Amino acid sequence: MSNIDTVLARIDSNLDASLSRLSDLLKIKSISTDPAFKADCRAAAEWLAAELNEIGIETRVRDTSGHPMVVGHKKSGKPGPHVLFYGHYDVQPVDPIALWNSDPFDPQIVTKADGTKMLVARGASDDKGQLMTFVEAARAFIQETGDLPIDVTILFEGEEESGSPSLHPFLEANKDELSCDLALVCDTGMWDANTPAISTMLRGMVGDEIIVRAASRDLHSGSYGGSAQNPNHIVASIIAGLHDENGRVTLPGFYDGVPEIPADIMENWNNLGFDVEEFLGEIGLKYPRGEKDRTPLEHLWARPTAEVNGMWGGYQGAGSKTVIPAEAHAKFTFRLVGDQDHEKVQESFRAYVRSKIPADCTVEFIAKEGSPATRLDTTIPAVAKGKKALKDEWGVDAALVGMGGSIPIVGDFKRMLGMDSLLIGFALEDDQIHSPNEKYNIKSFHKGIRSWARVLDELSRG
Ligand code: BES
Ligand code: MN
Ligand code: MN
């Protein structure tokens, strides 16, 4: 048997132990956005560092002004590319907790009616299950052959789900240590349950929160109604004016830098057989929204968006209360594509908001970290090698896809460290990431581990 076959056999026989290690990681409540879980985030970082050290990857937990990074190295100057593997150990909050069928931090193996086995827990898919596919592949390689086939650096972050605020300074301060030939990222999905994917486009993002203030206190809506400004109405009109009747965003300059998708890529996408009714049907919807003259996959992968993620103001309790609130709030995010400039989008948004604020009122902005969109040059050798490895494992060609979501670090890897990222992940559309009852199929985990072993092996071949 060649090396890779013995490594794959070891992955198969390790599977139960691999799953139990993943379960241990999933028990740690590493919710990055909520300060109450700061110690849990550190505990997850320490758990990972201990795990990596145990398998022979020299690793330390590194402090930042936010949650710590985990950085490990296994290098001996082997030929072939030196790769950096990235994943995030932080998870999204669990609310609404009442909709979970089991405790989000007490992982359960559940078998569906059709026999599919899955691990249910917050982070099972995004991103603890996915990052452990790489760790377990590395473990099997080292146990079986005494080493990894190429030099590897590992970077695990604990702030991805809250916009990665500590990332820039950390990359800047550790440029030499972290610059590699290629980044491998396991934080994306498959095309469908049987077809692996390499994501070649990720949307960028920029966000803003607004607080509109009017009177100096909440008012009686009879005594003042009709005379005093109502901030709820102002926020509503700001939101209503963001799109025109064709679904286009109205902000001046918003579409600057939004490219048309080249014909060959469009053709490729059109041949993927995307069924929008099935896609929306799974979430209880039917009719696609978005710009009228665009295809559904363009909406998801190649067009920018403006979304309101939260809005509140005034009385929210039981019954009614006749009040004009003193302030109203809304949270916005914009998904970006191509060369859209996140700073310009934010400036344009703020100018628009200010133009809608009456003379008597004020607006406060609370900025969120922005990141540009990224595109991968699909002619680089790593893409061909990734495709070969995935085909060997899954028996079908990998789809080259776009991704609607954002992974802020990918843009920074390119701009700050000059590194392309090969985005391969095993999440499925129905994994319910960020939602109640998040899960990862055992098959995703098992074949994900095997896929990474094959990718490492392929990359080591000249
Ligand atoms: N893993 C996701 C990104 C993703 C989502 C990739 C869906 C592929 C399919 C990542 O953890 C994520 O949720 N990113 C956030 C970033 C934000 C908080 C800055 C996102 O996209 O909302
Ligand atoms: Mn993720
Ligand atoms: Mn996420």
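Points worth noting:
- From the options 88, 73, 82, residue that is closer than 26 Å to residue 417 by Cβ, touching an Asp or Glu at 6+ places or on another chain (Cβ under 8 Å) and within 16 Å of ligand 3 (Cβ to nearest atom): 88
- Total residues in segment 268-323, condition without any contact (Cβ under 8 Å) to a residue 24 or more places away in the chain, open to solvent by less than 60 Å² (accessible area, probe 1.4 Å) and in the same structural domain as residue 249 (by TED's automatic domain parsing): 2
- Candidates 385, 321, filtered to the one that is touching a helix residue (DSSP H, G or I) at 6+ places or on another chain (Cβ under 7 Å) and among the basic types (Lys, Arg): 385
- Single residue of 330, 367 found to be modelled with pLDDT under 95, within 25 Å of the chain's Cα centre (by Cα) and of a type in the set (A, V, I, L, M, F, W, C): 367
Residue-by-condition table, conditions (1) out of contact with any strand residue (DSSP E or B) (no Cβ under 6 Å at 6 or more places or on another chain); (2) open to solvent by 30 Å² or more (accessible area, probe 1.4 Å); (3) in a loop (DSSP other than H, G, I, E, B):
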{"residue": "401", "(1), (2), (3)": "no, no, no"}
{"residue": "405", "(1), (2), (3)": "yes, yes, yes"}
{"residue": "412", "(1), (2), (3)": "yes, no, no"}
{"residue": "422", "(1), (2), (3)": "no, no, no"}
{"residue": "434", "(1), (2), (3)": "yes, yes, yes"}
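- For segment 162-203, a residue qualifies if it is within 16 Å of ligand 3 (Cβ to nearest atom) and open to solvent by 30 Å² or more (accessible area, probe 1.4 Å), and the qualifying residues are 162, 165.
- Scanning segment 436-445 for residues that are touching a strand residue (DSSP E or B) at 6+ places or on another chain (Cβ under 6 Å) and within 14 Å of ligand 3 (Cβ to nearest atom) gives a single hit, 440.
- Residue satisfying all of: in segment 332-358; assigned to a loop (DSSP other than H, G, I, E, B) and of a type outside the set (Gly, Ala, Ser); nearest to ligand 3 (Cβ to nearest atom) among these: 337
- Among the candidates 206, 235, residue that is in contact with a strand residue (DSSP E or B) (Cβ under 9 Å, 6 or more places away or on another chain), open to solvent by less than 10 Å² (accessible area, probe 1.4 Å) and either part of a strand (DSSP E or B) or within 16 Å of ligand 1 (Cβ to nearest atom) (or both): 206
The values are calculated or read from the model by the stated rules, or taken from the named source; none is laboratory data. Note that the structure is a prediction, hence the values are computed from the model and not measured. Glycine gets a Cβ as well: all are built from the backbone with ideal geometry, and neighbour counts include every protein chain shown. The area values use the complete protein model at the heavy-atom level, side chains included, leaving out ligands, DNA and RNA. Shrake-Rupley method; radii C 1.70, N 1.55, O 1.52, S 1.80 Å.
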